[in-house]
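J.: Before anything else, here's the structure in question.
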Amino acid sequence: MNIKNLDKKGLNSILESAPVPLVITDRTFSVLYLNRKAKDLLGEKYLARKEDSFLEIFSQDLNSIPSNALPDSPSRVLLAPFGKEGKFYECELNYDKSSDDQILHFWLNEKQGGFLKGDFAKLFDSVLEGIFLIGNNGIILEANPAAARIYNLSIETIRNSNIKDLFPHQPVEDQNSYWNGFMKNKFIDGFYKYKISQEEIRYIQFRGVADFLPGIHLAVFEDATERTNAGKAYRSSAASLNAIFENSNQFIFLFDLHAKIVTANTKAFEWIADLFTTKIVLGTPLSGLEKKGLSFFSVSFFEEVKKGLSLVKEYKLSLARKELSWIEVDYFPVFENEIVVGVCIKITDITERKRTQAVLEEKEARFRSLFLNSSDLIMVLDDSGTIKYSSSSSNRIIQMNAEELSGKKYVSFVHSEEKESFNNKFENILQNKLQVSIEHRFVSESGKTVYVDCIFNNLTGDPYVQGIVVNMRDISESKSREEYLLLLERAIDNSKNGVIITDFLQDYNPVIYANRAIETITGYPIHEVVGKNSEFLLGPEPNLKDLKRIAEVKNNTIPVKTVVKSYKKDGTLFYKELSISPVFNKEGLLTNLIGILNDDSERIIAEKSLLEVSKGIDDNNSNAFYASLAEHLGKHFAADHILFIEKEEDGRILIKGQWSSQFDEFTVSNDQKNPFWSRVFSETSFFHYEEELKEFPEIYNKGIRNLCALPLTGNSGNSIGVILLLRKGKFLNHAFLEIILNLLSLRLLAEFERDRNISALLSSEGKFRSLAENSPDIIYIINLEERKIKYFNRDKILGFPSTDLIYSDAWEKIVHQDDVNKVARHWNKYLKSKGVDSASIEYRLKHKNGYYEWVNNRHVIIERDPGGKPLNVLLNITVITNRKRAEDALRENQARLTALIENTNDIVWSINTQYHFTTMNNAFQAFARKYFHYEARVGDKLTDIFPSQVRDYWKEQHTRALKGERFAVELQIPDDFLSFEINFNPIYSDKEEISGASVFARDITQRKKTENEIIQANFELDSFVYRASHDLRAPLRSVLGLISLVKLEENEDQRNYYLKLVEKSIDKLDYFISDLTDFSRNSRTEIEIEKIDFNATIADCIDNLKYMEKAEEIEMRKNFMTNVPFYSDSRRITIIFQNLLSNAIKYQNHKSVKPFVELSVTTFPDRAEISITDNGRGIREEYLNKVFNMFFRASQDSYGSGLGLYITKQVVEKLNGKIEVFSQFGKGTTFRLNLPNLENNNYY
């Protein structure tokens, strides 16, 4: 921008914002303008005398400049402003001759001791290039350590010397010319030779920028000696070059430094004329050939080579002639006396080589594809059995890489038990040139054993192979399956359950397998069972119902479990429990039936026996009941004696029932203190004695050798009796006997209770009166004819004297007015009913103190006249006020509970013992509607709601609860990613009997997710602590080791080398700590939303990464479409780009013609789509799903912390975004990100 094009306001704004003081004077140094910085510098004392000449306020250095001797170019002097003698300022004078007023600009910069301080120090000390800062007079003001190394001079020697001294091979005139051209053009670059000593010469490439700072010029130098020496092979004399021109099969062109043809061999002229119909002559310029489409003649390449470099390029010619379609073009400099005097371009026909190369590459690609993509491990052995090559599948199959296998004897990995057999087979392969398959166990160096199937193919005679090719396949899984199947077969064959398998695909469904238990259960040998239809096991006259049940499996393909009446081979009847399950193939076709058989005869016969016992005692009175029951038990269980014993309260033993097989009654002491009874009544559950009977001679001496018994327990848990079975032999099946006795014990206890009740009824009237008078209830007898009460059990009733309530009218007066009609209707109905002796009613009676009591009036007609008319009624009144209050509270609580159930997020339901729903809340109905497509209602059956595929499971769980089990299960619904915790509980009635089951299902999806996150977090924390401690200590151990070497090393160069390694380890540690900091901040700090400038953010990242190794070789391509403002967390966005760009730089592919990274950012109102693509090394496919794992490194030469991509993914997820990776090994990688736009602070 030309300052003259600005208006006054714009000019003033620019000058006022200048970062340094500016003073503008005329030719006589009279002040025309001071900007804000200059006013602050000079202060009020100067402003008070600003009409003075500008020279008068400065030191003599500036005053010595005569006004008529203005400098022709900018110059610098040191000066001290008026009143600030303690400070010196560099003052740059710029004389503007273009101005009509011939004004001067004074730019002031404070001098602070040295020329370079602050930010430039780090730059000077760290860069590898040499840097000079040069004044206007060519004096070197400052130099960095790298410059001192390049020129083999100390910094002190270089400082204050003239830059021209470092060009000793140039005449003084040329040096001045170069310098003046540099100052005029503001830029220079070049290449020259510098003599370090008589023996050593260095080639130095340089570039310079004038006025890098006002009056300061920057020069950067690079040691190009190694690169230049590569071109020495091409240096030859002009005579030698002419000698090979005409005899070479190549096309050779020699150009002078002006890029014109000086000479070329004859073949070169003819080739150009013949192939391109272009005539060239001496003096033809290179640029002219390039413009005619001959792209291999390149001016840009020429300029590079002219500096001493060499270039080689290959070109494919798009010509009709097939005999020449590929050429190789060499550009190299021609030297004379170590000075470049020209450039030679040598063109070679490489068509045949390229064709051969293409064929070889195609063959190699096929071979490599076979090796790399084969699921088998491929090895090549020499004739001694040494491994020469192995494919990458070795890592997957035997957990060893190719390097670990190479050079080792194959037999060293063969299991010791199989080595001898293997050596014999391998020798046979060598001698007979065979292809042989060998199965063996491969033992890796880590000790892991893998079953492998190998095909050894002797190709030692093949000149392209010259070895034995091994195709190896992991068969460990199939071996394990074989062993597992063998184990299953042994288990099935030795099972006590009979197992048969039939072939359903054959017409008559024959048995194809039977285990040994079939012979034990049925009596048929296995060979007589296999091959026959299994229905023959049902006997000659099978039950039609049994056949129908078995047919259900065939027709409906559902499992069936039934008990079948059948016959053994010898004709013996037995009952078998038969479970039949269908087996389907992958296509869903029924292929086999599996039958499981158990001999269930004993249980069935015992159940029938129990039924007979029950029938035998149904109609008997009490005494006959005990005798009948004892007889049936004794006969069915082959007992010699049966006794039903009751404990009396007075300590006596009462035999309620008894039976003996030989009609000889069993007698024993009736004293509870007897040792035998003390032992028996100490038991609390079913028991049996054998050896213990020896302790009781009165029993043992009678020949009794076995006793089984069940204690009888009252409601309070106390022992009230026992059932005894005694036998001279042994009782069989104690478990079944225990079940029968438990069932019969309920009936015995009821009989014991009935006996007691009868005894109570037969008690005397005195006992009744005593009972009534001590009862808390109100008991009285009323004569209905007289309507008068004949008996009261107390003197005071509800606070009234009993004499006040003798007549029924008095009772009617104390009935609550709301209950009068109800009471009248009840008594009217009760007294008219025939055959109804007892009834009850609840109502309220008034207490003498004025309040009402709820009562339960239970009454029974105790006397009727011959016509059946009631005469006397016994009434029992119980005050139930507290109970009614409790019932009201219970109803209120039940209402609250109902409201709670209906408003809870839990799913609640209950069933009764018939599996009918008795309760369900809205949440359960919604659950059934959504997942089972059923409108559930109270009263529905459990099996109606749940679909067939889960019906048995749900019924089984409810059955467990109905049996008294309290338990919880977890249920997952995969489609909705939901988890439920379901609690099953039995419901008990007032009689402590199970009346149903309640179920509570709670959504625990979030809890499970949290648990998984905690597990993952703990795993990552463990990994983090281990890897972090390792990665922190490794560089430190390296540094300590290198410091020890530095202390011992006397050679300065070697010590510097060690120190560089120390620096590299510390840098690695710094990178790792930086990763840890990013990881910690991301997890702990909140999201700070601000507008994101992607250009600035990525520019900062690139600037931060520019010092990475070979960062400068990567081309950064940007494709931004960020018209829509995007808001997010700037710090986290920076972490994402920093990590992804750092990886692209680290893992660039040096074989690529031009490494690049392409960044694409597109913003939308709701998101930003980001893509970062490189043409680097790429990631192997097997690692793609692991690259975001903590501390994962995808290659052996990965030198990062292994946290970069993990932190990147954590940051993306923290921003509620997504990240994906796509890669092709050897070709490059793409990361795609989708980040939400948080413009409206919608993070949450």
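The values are calculated or read from the model by the stated rules, or taken from the named source; none is laboratory data. No experiment lies behind these values; they were computed from the predicted model shown. Every residue, glycine among them, receives a Cβ derived from its backbone with ideal geometry; neighbour counts consider all protein chains shown.
J.: Does Glu692 satisfy the criteria of being out of contact with any Leu (no Cβ under 9 Å at 6 or more places or on another chain) and among the charged types (D, E, K, R)?
T.: Details: out of contact with any Leu (no Cβ under 9 Å at 6 or more places or on another chain): no; among the charged types (D, E, K, R): yes.
So Glu692 does not fit the description; no.
J.: Does Lys790 satisfy being assigned to a loop (DSSP other than H, G, I, E, B) and not hydroxyl-bearing (Ser, Thr, Tyr)? Write out each step before concluding.
T.: Details: assigned to a loop (DSSP other than H, G, I, E, B): no; not hydroxyl-bearing (Ser, Thr, Tyr): yes.
So Lys790 fails the test.
J.: Starting from the range 176-189, take each residue that is modelled with pLDDT of 80 or more and list its partners that are assigned to a helix (DSSP H, G or I), counting only C-beta distances under 6 angstrom and pairs at least six apart or across chains.
T.: Every condition considered, the pairs that remain are Ile188/Phe182.
J.: Now a separate question. For the range 922-1008, which fully contained helices (runs of 4 or more DSSP H) count at least 1 residues that are of a type in the set (Gly, Ala, Ser) and touching an Asp or Glu at 6+ places or on another chain (Cβ under 9 Å)?
T.: Numbers: elements: 922-932, 942-945, 948-962.
Correct list: 922-932.
J.: Among the residues of the range 907-916, how many are buried (at least 18 other Cβ atoms within 10 Å of the Cβ) and out of contact with any Leu (no Cβ under 7 Å at 6 or more places or on another chain)? Explain how you work it out, then say what you get.
T.: Taking the range 907-916 and keeping what is buried (at least 18 other Cβ atoms within 10 Å of the Cβ), we get 907-911, 915.
Now narrow it down to the ones that are out of contact with any Leu (no Cβ under 7 Å at 6 or more places or on another chain): 907-910.
Counting residues in the range 907-916 that are buried (at least 18 other Cβ atoms within 10 Å of the Cβ) and out of contact with any Leu (no Cβ under 7 Å at 6 or more places or on another chain) gives 4.
J.: Hey, Ile500 hits all of (1) under 27 Å from Asp382 (Cα atoms); (2) assigned to a strand (DSSP E or B); (3) of a type in the set (A, V, I, L, M, F, W, C) but one; which does it fall short on?
T.: Of everything listed in (1) under 27 Å from Asp382 (Cα atoms); (2) assigned to a strand (DSSP E or B); (3) of a type in the set (A, V, I, L, M, F, W, C), Ile500 misses just condition (1).
J.: OK, next. Evaluate the following for Leu831: is it part of a strand (DSSP E or B) and more than 26 Å from Arg885 (Cα to Cα)?
T.: Numbers: part of a strand (DSSP E or B): no; more than 26 Å from Arg885 (Cα to Cα): yes.
Spelling it out, it is not the case that Leu831 is part of a strand (DSSP E or B) and more than 26 Å from Arg885 (Cα to Cα).
J.: Looking at the range 445-459, which of the residues that are surrounded by fewer than 16 Cβ atoms within 10 Å (Cβ to Cβ) and hydroxyl-bearing (Ser, Thr, Tyr) is nearest to Asn401 (Cα to Cα)?
T.: In this case the residue turns out to be Ser446.
J.: Here is a list of conditions, (1) under 24 Å from Leu573 (Cβ atoms); (2) buried (at least 17 other Cβ atoms within 10 Å of the Cβ), and Gly523 meets all of them except one; can you say which number that is?
T.: The number of the failed condition is (2).
J.: Taking the criterion of being closer than 16 Å to Pro776 by Cα, free of Cβ contacts under 8 Å to residues at least 60 places away in the same chain and out of contact with any Phe, Trp or Tyr (no Cβ under 7 Å at 6 or more places or on another chain), would at least one residue in the range 846-853 satisfy it? Give the steps one after another, and end with the answer.
T.: Applying the first criterion (closer than 16 Å to Pro776 by Cα) to the range 846-853 yields 853.
Filter again for free of Cβ contacts under 8 Å to residues at least 60 places away in the same chain, leaving 853.
Adding the requirement that they be out of contact with any Phe, Trp or Tyr (no Cβ under 7 Å at 6 or more places or on another chain) leaves 853.
Checked against the condition, which is being closer than 16 Å to Pro776 by Cα, free of Cβ contacts under 8 Å to residues at least 60 places away in the same chain and out of contact with any Phe, Trp or Tyr (no Cβ under 7 Å at 6 or more places or on another chain), the range 846-853 yields at least one hit.
Conditions tested, residue by residue: (1) in the same structural domain as Pro776 (by TED's automatic domain parsing); (2) not hydroxyl-bearing (Ser, Thr, Tyr).
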site	(1), (2)
Ser802	yes, no
Val815	yes, yes
Gly835	yes, yes
Tyr843	yes, no
Tyr852	yes, no
Asn856	yes, yes
Glu892	no, yes
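J.: Report whether or not Asp382 is at pLDDT 85 or above, touching a strand residue (DSSP E or B) at 6+ places or on another chain (Cβ under 7 Å), closer than 30 Å to Asp474 by Cα and of a type in the set (Asp, Glu). Explain how you work it out, then say what you get.
T.: Details: at pLDDT 85 or above: yes; touching a strand residue (DSSP E or B) at 6+ places or on another chain (Cβ under 7 Å): yes; closer than 30 Å to Asp474 by Cα: yes; of a type in the set (Asp, Glu): yes.
When the stated conditions are applied, Asp382 passes them.
J.: Would you confirm whether any residue within the range 266-285 is touching a His at 6+ places or on another chain (Cβ under 9 Å) and without any contact (Cβ under 8 Å) to a residue 40 or more places away in the chain?
T.: Yes: one or more hits.
J.: List every residue pair whose Cβ atoms sit under 8 Å apart, with the two residues 6 or more apart in sequence or on different chains, where the first one lies in the range 731-758 and is in contact (Cβ under 8 Å) with a residue 24 or more places away in the chain and acidic (Asp, Glu) and the second, anywhere, is surrounded by 16 or more Cβ atoms within 10 Å (Cβ to Cβ) and in a helix (DSSP H, G or I).
T.: Glu751/Phe625; Glu751/Tyr626
J.: Right, next: Go through (1) in contact with an Asp or Glu (Cβ under 8 Å, 6 or more places away or on another chain); (2) outside the structural domain of Lys1209 (by TED's automatic domain parsing); (3) modelled with pLDDT of 80 or more; (4) hydrophobic (A, V, I, L, M, F, W, C) one by one and return the number of the condition Phe1072 breaks.
T.: Of everything listed in (1) in contact with an Asp or Glu (Cβ under 8 Å, 6 or more places away or on another chain); (2) outside the structural domain of Lys1209 (by TED's automatic domain parsing); (3) modelled with pLDDT of 80 or more; (4) hydrophobic (A, V, I, L, M, F, W, C), Phe1072 misses just condition (3).
J.: Answer yes or no as to whether Ile781 is at pLDDT 80 or above, in the same structural domain as Ser682 (by TED's automatic domain parsing) and not in a helix (DSSP H, G or I).
T.: Values: at pLDDT 80 or above: yes; in the same structural domain as Ser682 (by TED's automatic domain parsing): no; not in a helix (DSSP H, G or I): yes.
No: the conditions fail for Ile781.
J.: For the subset of the range 1129-1183 comprising residues that are of a type in the set (Asp, Glu) and in a strand (DSSP E or B), which member is surrounded by the most Cβ atoms within 10 Å (Cβ to Cβ)?
T.: First, the residues of the range 1129-1183 that are of a type in the set (Asp, Glu): 1129, 1158, 1166, 1169, 1174, 1181-1182.
From what is left, the residues that are in a strand (DSSP E or B) are 1129, 1158, 1169, 1174.
Values: Asp1129: 23, Glu1158: 17, Glu1169: 14, Asp1174: 27.
Of everything passing the filter in the range 1129-1183, Asp1174 is surrounded by the most Cβ atoms within 10 Å (Cβ to Cβ).
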